[in-house]
Amino acid sequence: MTRRLTLQKGVIYGPVDSRRLGRSLGINLSPVSYKICSFNCVYCHYGWNKYLKSDLSDYVKDLPPVARVEEELENVIKAMPEPPEYITFSGNGEPTLHPDFEQVVDAVIDVKKRTGVDARLAILSNSTALDDESVVRALGKLDVRIMKLDAGTDEVLKRINGPAAGITVDGIVKGLKRLDEITLQSVFVDGEVSNAGDEDVEAWLGRVEEVKPTYAQVYSLENVPAMSTLVGVPMGRLNEIARRVKQRIGVEARTY
Ligand code: SF4
């Protein structure tokens, strides 16, 4: 854990060597000059939110239009000496909050076809926009859906993820159950606030059981968190949590 990351400066970034996805070209659908997200996670490596929103319709002027994403992605791919293994929606905030998310996904699929690039399409999502039919449809067109779930109760959700108004664990779980073949990504932290105690992990396991992911990723701090007093959860404890996922739910869980 060495540094606080700065916001991505463009729509297409990388390729980055991702621990989870190999050589991945990133797509950032969020503003480049400020942070806006439907969560305000204590561990966010981009720092605290300037705006806590689940509706970005007032911020459209700062979001990349579909045609720009399509054009920039095509240009970058054509200029790459080696194709990426993954093209990943991630970036400075939550990609599914982009009001034209499904159209962006369709445009990216078109770019893949036109350029012949053999990369898998992935997303890192905070799972907060799954009440939107078009978002669920768009996610179904991707190859890999890595969806966040750090909390089993609303109290932990508030403590760890600082959600925008109206977002609840019940709502997130209901949304996740609408998706096929998801990888769950869960961050555990300790220090000033924690979700790594037995009671919180037990509640989280119950939710994982409801969601039935195909795979789970369990990890702790990777970069300097927004809340500077946080500490990472030791690998031994992460491994124990992963073992409990396997024992109780029969789902493979990997620690990072
Ligand atoms: S969901 Fe992601 S971008 Fe949003 S605050 Fe949490 S860690 Fe940061």
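Since every read-out is calculated from the coordinates, none of them should be taken as a lab result. Since the model is a prediction, treat every value here as computed from it, not as a measurement. Reconstructed Cβ throughout: ideal geometry from the backbone, glycine too, with neighbour counts over all protein chains shown.
State, as an integer percentage, the relative contact order of the range 12-255 based on alpha-carbon contacts under 8 Å between residues 6 or more apart.
19
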Exercise. Tell me, what is the percent relative contact order of the range 1-74, built from C-alpha pairs under 8 Å that lie six or more residues apart?
Worked result: 29
For this session: Taking the Cβ of T229 as the centre, find all other residues whose Cβ is under 13 Å away and add up their charges (Lys, Arg: +1; Asp, Glu: -1).
Result: -2
For this session: Count charges around A129 for me, please; just the other residues with Cβ under 10 Å from its Cβ, Lys/Arg as +1, Asp/Glu as -1.
Result: -4
Problem set entry | Global form of the chain, assessed from the alpha-carbon gyration tensor, a/c cut-off 1.5 | prolate
Problem set entry | Degrees separating the helix 66-79 axis from the principal Cα axis of the chain, which is the longest one | 80
For this session: Indicate the gyration tensor shape class of the range 1-109 (rounded, prolate or oblate), computed on the Cα atoms with a ≥ b ≥ c the square roots of the eigenvalues: a/c under 1.5 is rounded; otherwise a/b larger than b/c is prolate and the rest oblate.
Result: oblate
Exercise. Once both axes come from the Cα atoms, what is the angle between helix 235-249 and the longest principal axis of the chain, in degrees from 0 to 90, rounded to 10?
Worked result: 90
Exercise. Quick one: length gained pulling D55 to D198 fully straight, 0.36 nm per residue minus the C-alpha distance?
Worked result: 48.0 nm
Exercise. Pairs of lysine in the range 12-255 with Cα under 12 Å and at least 8 positions apart or on different chains: total?
Worked result: 6
Exercise. Roughly what angle does helix 101-115 make with the longest principal axis of the chain, taking Cα atoms, 0 to 90 degrees, to the nearest 10?
Worked result: 60
Exercise. Of the beta bridges DSSP finds with both residues in the chain, what % are antiparallel, to the nearest 5?
Worked result: 25
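Under a point-charge model restricted to the Cβ atoms of Lys and Arg (+1) and Asp and Glu (-1), what is the dipole moment magnitude of the chain relative to its Cα centre, in debye to the nearest 20?
Roughly 500 debye for the chain.
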Exercise. Net charge near V193, counting Lys/Arg +1 and Asp/Glu -1 over other residues with Cβ under 12 Å of its Cβ?
Worked result: -3
Exercise. For I172, I27, I241, what's the fewest-to-most ordering of other Cβ within 10 Å of each Cβ?
Worked result: I241, I172, I27
